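Any read-out appearing in this document is the output of simple, stated calculations on the displayed coordinates, not a laboratory observation. Keep in mind it's a predicted model, so treat the numbers as computed, not measured. Cβ atoms come from the backbone with ideal geometry, glycine included; neighbour counts cover every protein chain shown.
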Amino acid sequence: MSSRIDDLVEEVVPLAGRDVSLLRPHSGDELLDEEAFVHEEFLPYWAELWPASRQLAAAMAGRSLHGARTLELGCGLGLASIAAAMAGGHVTATDWAPYAIEFTVRNARRNGLEVEGLVCDWAHPEPIVERAPWDLVIGSDLLYERRNLPLLTDLLPRLVDQRGEVLIADPGRPLESAFLEDAAKRFVVHSVQLSEKPRVRLHRLRLHGQ
Ligand SMILES: C[S@@+](CC[C@H](N)C(=O)[O-])C[C@H]1O[C@@H](n2cnc3c(N)ncnc32)[C@H](O)[C@@H]1O
């Protein structure tokens, strides 16, 4: 691995009867750099394993994806992508943070799985739009900043066709309801609660018209 981050800790996540082993930086704070902070970009949110990703991964692990072309947005450390690959998906994991992609690909290999990694910003999504339609698009804890909302609500309908499915897990971020309101303009939305504490809901989006 070419990473300059060498203070790593292992996180073991039980999933579908096996232990998934992930490496993550010991502390995201150490990854803050002044320039990133000024631009409010590349803050190291990718370096933590957020509760919604554990829930999304558990939901993925319960599926049989039979080679479904699966795209993860904002993959962070890659747990949900790894779970989708375990479930038989052909997975492309994306994030705008290059380190997130590096860790995700490495974490997948660590568990004997192949996940393709691609650096991609929702503001410049051509690389993933060109490869649409995806069978399945997944993401966890993506609704934490207002600027993400128009980017995601514009992007998601461009990634799937009427056979495709989008699954977004959210831990009750304040922007969740605004996202759902926007999403309902293009998608039929079905939401289920995955966990109580922390409260995580999974939103299943399918384009209108089927
Ligand atoms: C709160 S973290 C969640 C990470 C992971 N999904 C999880 O639940 O553990 C949000 C993720 O979205 C990524 N992200 C934020 N804005 C993005 C953008 N404009 N384009 C692509 N990825 C972005 C961050 O780098 C980070 O990995």
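Between A16 and A123, what is 0.36 nm times their sequence separation minus the Cα-Cα distance? Round to one decimal in nm. All intermediate terms of the calculation are to be shown ahead of the outcome.
Values: separation 107, 0.36 × 107 = 38.52 nm, distance 3.45 nm.
My answer for the length gained is 35.1 nm.
Of A100, L167, A80, which is farthest towards the positive pole of the chain's charge dipole, taken about the Cα centre with +1 and -1 on the beta-carbons of Lys, Arg and Asp, Glu respectively?
Towards the positive end, the residue furthest out is L167.
Within 10 Å, count the other beta carbons around each residue, average over each peptide in 73-84, 124-135, and list them highest first.
Values: 73-84: 29.9, 124-135: 14.7.
Descending mean neighbour count gives 73-84, 124-135.
Computed over the Cα atoms, what is the radius of gyration of the chain divided by 2.2 N^0.38 Å, N being its residue count?
Numbers: Rg = 16.0 Å, N = 210, 2.2 N^0.38 = 16.8 Å.
After normalising by residue count via 2.2 N^0.38 Å, the value is 0.96.
With only Lys, Arg, Asp and Glu charged, each at its Cβ (+1 for the first two, -1 for the last two), find how big the charge dipole of the chain is about the Cα centre; round to the nearest 20 debye. Show your work: numbers first, answer last.
Numbers: 22 positive and 32 negative charges, 236 e Å.
Around 1140 debye, computed over the chain.
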